[in-house]
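Take a look at the structure below.
The values are calculated or read from the model by the stated rules, or taken from the named source; none is laboratory data. Bear in mind that the values here come from a model prediction, so they are computed numbers and not experimental data. Positions of Cβ are backbone-derived with ideal geometry, glycine not excepted, and every protein chain shown enters the neighbour counts.
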Amino acid sequence: MEKETVKILLAEDDENLGTLLKEYLNAKDYTTHLYPDGVSALEAFKEEDFDLCIIDIMMPKMDGFTLAREIRTLKNTTPFIFLTAKTLQDDVLEGFSIGADDYITKPFSMEELLYRIKAILRRTSPEEESEKNRDIYQIGKYQFDANKQILSIDGNSRKLTTKESELLRLLCNNKNRMLDRNYALRTIWEDDSYFNARSMDVYITKLRKYLKEDESVQILNVHGKGYKLIT
């Protein structure tokens, strides 16, 4: 999906923040429509096609959770991001249970929001969906059969665990691009808690060890953000 074709629904009741976000995203060539409450946003969604929704949780007339549920009922495939001033675990879990693709806690930088938008649109593009359905990947000199969970090089094969295989598949689907750390945690562990994050670090270390026979293959840390499989 090309950036200039993307149409964004922005539901934000803070007039200053909403206007600032709209102007920033429009300047980045996203067509952004701002709505000050959940009711007006829902009516707009019924009338027009949007590629992405950015939804504040605390809004008058209809809160963000209710709006998201209504959007999911109308069109289940539209990705959305929650904006929230809350950091309570229950709110985060409720958002993901509705089907949120991501959430961002206020205050946040415009650059961070832009990165998250790009990451979601990349993951939900038709090309990416086709890539996700692949079973066989070439990683430098290695061949990875994701269905059989087997990593092979020069006639030698290693059987991977389910989590090792799922993590390597995500890295392959984002080859030479950054794999967002929280997205990987929610996809594989279904929870981006501290303990799961430490667990994922262990699996990354294991995968690096498995891939060390080809020096052209690396799994790089992107500090505080994620990992990148370089081939």
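Met110 satisfies every condition listed in (1) surrounded by fewer than 19 Cβ atoms within 10 Å (Cβ to Cβ); (2) at pLDDT below 85; (3) touching a helix residue (DSSP H, G or I) at 6+ places or on another chain (Cβ under 7 Å) except (2).
Looking only at the stretch 25-46, filter to residues that are over 18 Å from Glu112 (Cα atoms) and either polar (S, T, N, Q) or not assigned by TED's automatic domain parsing to the domain that holds Ile117 (or both); which one of those is surrounded by the most Cβ atoms within 10 Å (Cβ to Cβ)? Of everything passing the filter in the stretch 25-46, Ser40 is surrounded by the most Cβ atoms within 10 Å (Cβ to Cβ). Restricting the stretch 4-24 to residues that are in contact (Cβ under 8 Å) with a residue 60 or more places away in the chain and under 14 Å from Leu121 (Cβ atoms), the residue that is surrounded by the fewest Cβ atoms within 10 Å (Cβ to Cβ) is Val6. Of the residues that make up the stretch 205-221, is at least one in contact with a Lys or Arg (Cβ under 9 Å, 6 or more places away or on another chain), assigned to a helix (DSSP H, G or I) and surrounded by 12 or more Cβ atoms within 10 Å (Cβ to Cβ)? Yes, the stretch 205-221 contains at least one residue that is in contact with a Lys or Arg (Cβ under 9 Å, 6 or more places away or on another chain), assigned to a helix (DSSP H, G or I) and surrounded by 12 or more Cβ atoms within 10 Å (Cβ to Cβ).
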